[in-house]
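As structure tokens, the structure follows; a few thoughts come after it.
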Amino acid sequence: MLQIFHQAQKHSTRTAIISNGEHYTYQNVLDESTDFTSVLLGNAFDLAEGRVAFMVESSFEYVKVQWAIWKAGGVAVPLCTTHPLPSLQYVIEDTGAEIIVVSPQFEDILRPLAQEKGIRFIVLGEETKTRTIGLLEISTERRAMILYTSGTTNLPKGVVTTHANLEAQISTLVEAWEYASTDAILCILPLHHVHGIINVISCTLWVGGCVEFLPEFAPQKVFNWFQKMAQLSVSGIFMAVPTIYFKLIAHFESLVVEEQQALSNAMKTFRLMVSGSAALPVSIMEKWQKVSGHTLLERYGMTEIGMALSNPYHGQRRAGFVGVPLPNVLVRLVDEQNKQVEKEQAGEIQVKGPNVFSEYWYRPQATQESFTEDGWFKTGDVAIIEEGSYKILGRSSVDIIKSGGYKISALEIEEVLRTHLAVKDCSVVGIPNEEWGETVAAALITSTTVDLTELNQWMRERMPSYRVPRHYKIVEELPRNAMGKVTKNDLKKLWNS
Ligand code: MCA
Ligand code: AMP
């Protein structure tokens, strides 16, 4: 049996999940996921790494389906619940999903696609348990999950992790941040990325803690939960991206002093508050310290590796730094020849260890290119070590944008823009933004007059809202170097001027 289920058995009577006002024990999660395993399996004995795409809201049902896929020997492919159909279709087709599972509210979005492609389609609530099954022995070397990440290629790539990878990603954090069965955590992050799936849900469930779901982010609801945890004297933990802390601070500042005081007192009772997925501005860290009494623990991770670097749980957390390698994670900084840099020199972060993913789904060349000959994963992020702690300086590619904690490929947006009839050419960059980290900006060369509001609506129908440009400029030509390549750093100046 996979370790995560062994762990759950140890805590069978404890509350694992609070979702839509209902409490579920670990035994409930184990039993209901086993029932759903039988639905997934039908007459089969083992899904044998068949991909199961699931579009299920952030809730008990999400965990039930995820665990059932693993118990059935399948590969979990979580779909973003807010993505438009073209993005969902891309993931379903790219993974070659054999089964699609949906919550009833998503049935209309995906049923036609499933019918057209002949993919088995299961709507939660309509399924019936078919038979009693025994649990399969699943080797930890088998594939467990595929998550999609944007990069320096124009289409997102599927990052494949094995059960052994997931176990390593979970156990390093459990050790470093001392997750405990007495912990309660709020899940507000989307569940098609590592931050929500591993750091929030899986680590907490690994140790017998309690995950409470808030289906979507709303500052007042988060604050209400902080107060509830304080009143119950529970060991609360909270994890979010910098944009969320920015929004919480803005909401806090709109409250009257008495409310602020009560909230600050509640937050001070928390055990741990963590920030990651994008650089935490020092200004947000300092403001949050005043609001909550917490020095945020900033850490660094990536879809392909889980978490790699972390400020200390005990000890000084330095603003603007991401700390040191986590247990069992090897990290080095290298120059362009993959040679380790001298002390206090900047270099690319490379990572090795059991946490590192196995492959990009069906992209052997991309997989090969992302590793050095001696097996180090090349992150594309540049850092320096100062006084023993890593500081992220940026990314080696200007084409990767981080906005609201999401990684966005400029090339992917350019591809879509170029399919618009009025767009002759374009170039996309990220420009600094206090709230979002970066926002997406597009310079366009157009062939006819373009109504930018209409163009924006056209983009929204084709991609998730966080990828849609927030700023447009129509230009006569794009800045280029002698080789004819667009010089994006010059382009960024367009919005600074
Ligand atoms: C949304 N809006 C934006 C953006 N996103 N505007 C500018 N830039 C953006 N990126 C606009 C919408 O169009 C809308 O405007 C308004 O903001 C509200 O949109 P909504 O989607 O409802 O926003 P929200 O619910 O407030 O979401 C903000 C959020 C969300 C909660 C910060 O972006 C989020 O959950 N981010 C976390 C992503 C994450 O988990 N990343 C981890 C991946 P209008 O009303 O005008 O339409 S990285 C990872 O996993 C690695 C391993 C790691 O290290 O952690
Ligand atoms: P993703 O591929 O969506 O998992 O995003 C991973 C990327 O997020 C990394 O390659 C970094 O560029 C960025 N990132 C994650 N955590 C941090 C952090 N604490 N500071 C700066 N960048 C970060």
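For the stretch 308-316, the Karplus equation 6.51 cos²θ - 1.76 cosθ + 1.60, evaluated at θ = phi - 60°, returns couplings of 10, 10, 8, 5, x, 6, 9, x, 6 Hz by residue, with Gly and Pro reported as x.
Each residue of the stretch 272-286 was assigned a 3J(HN,Hα) from its phi angle through the Karplus curve 6.51 cos²θ - 1.76 cosθ + 1.60 (θ = phi - 60°); the sequence is 7, 10, 10, 10, x, 5, 7, 4, 8, x, 4, 4, 5, 4, 5 Hz, with glycine and proline shown as x.
Kindly identify the stretch 1-93 as rounded, prolate or oblate by the Cα gyration tensor criterion: order the square roots of the eigenvalues as a ≥ b ≥ c, call it rounded if a/c is under 1.5, otherwise compare a/b with b/c, prolate if a/b is larger, else oblate. Because a/c hits 1.5 or more and a/b fails to exceed b/c, the stretch 1-93 counts as oblate. Taking square-rooted eigenvalues a ≥ b ≥ c of the alpha carbon gyration tensor, is the stretch 446-497 rounded, prolate or oblate, where a/c under 1.5 means rounded and, failing that, a/b exceeding b/c means prolate? It comes out prolate by the Cα gyration axes.
With a Förster radius of 35 Å, plug the Cβ-Cβ distance of Gln289 and Asp335 into 1/(1 + (r/R0)^6) and report the FRET value to the nearest 0.05.
Working: r = 36 Å, r/R0 = 1.03.
Between Gln289 and Asp335 the formula returns 0.45.
The gain in end-to-end length when the Ser397 to Glu369 segment is fully stretched comes to 8.6 nm, 0.36 nm per residue minus the alpha carbon separation. Backbone geometry of the stretch 448-455 corresponds, through the Karplus equation with coefficients 6.51, -1.76 and 1.60 at θ = phi - 60°, to 3J(HN,Hα) couplings of 9, 5, 10, 8, 5, 5, 5, 4 Hz, x marking Gly and Pro. Computed on the stretch 203-342, with alpha-carbon pairs under 8 angstrom and 6+ residues apart, the relative contact order is 17 percent. Taking amide H positions as modeled 1.01 Å from N, with prolines and chain starts lacking one, the residues under 5 Å from Ile17 and 5 or more places away or on another chain are Tyr24, Val211.
When Rg and Dmax are taken over the Cα atoms of the stretch 56-114, they come to 11.2, 30 Å. Along the axis of the charge dipole computed for the stretch 380-442 (Cβ charges of +1 for Lys and Arg, -1 for Asp and Glu, origin at the Cα centre), the listed residues Ile400, Gly388, Val416 are led at the positive end by Val416. Within the same chain, lysines fewer than 8 places from Lys424 are excluded, and of the rest, those with a Cα less than 18 Å from its Cα are Lys473, Lys485, Lys488. Between Glu116 and Thr82, what FRET efficiency follows from the Cβ-Cβ distance if R0 is 25 Å, with the result rounded to 0.05? The computed FRET efficiency comes out at 0.65. Projected label points at Lys493 and Arg470, each 7 Å from Cα along the beta carbon direction, are separated by 2.3 nanometres. Cross-link pairs exceeding 24 Å between alpha carbons, from the set Lys339/Lys378; Lys290/Lys407; Lys247/Lys493: Lys290/Lys407; Lys247/Lys493. Under the classification rounded if a/c is under 1.5, otherwise prolate if a/b is larger than b/c and oblate if not, where does the stretch 365-471 fall, given a ≥ b ≥ c as square roots of the Cα gyration tensor eigenvalues? Prolate is the answer for the stretch 365-471, as a/c is 1.5 or above and a/b outweighs b/c.
Once fully extended, how much extra length lies between Tyr362 and Ser264, figured as 0.36 nm per residue of separation less the alpha-carbon to alpha-carbon distance?
Numbers: separation 98, 0.36 × 98 = 35.28 nm, distance 4.90 nm.
The span from Tyr362 to Ser264 would gain 30.4 nm if fully extended.
Modelled spin-label separation between Lys424 and Glu175, with each label point placed 7 Å from Cα along the Cα-to-Cβ direction: 5.9 nm.
With each label modelled as a point 7 angstrom along the Cα→C-beta vector, the Thr153-Ala346 pair spans 2.8 nm. For the chain, the relative contact order comes to 12 percent (Cα pairs under 8 Å, sequence separation of at least 6). Using the Cβ-Cβ distance between Glu49 and Ala482 with R0 set to 45 Å, the FRET efficiency from 1/(1 + (r/R0)^6) comes to roughly 0.40.
Where a number appears in this text, it was derived from the coordinates with a stated rule and is not lab data. Computed from a prediction, not measured in an experiment: that's the story for all the values here. For neighbour counting, all protein chains shown are included, and Cβ atoms are generated from backbone atoms with ideal geometry for every residue, glycine included.
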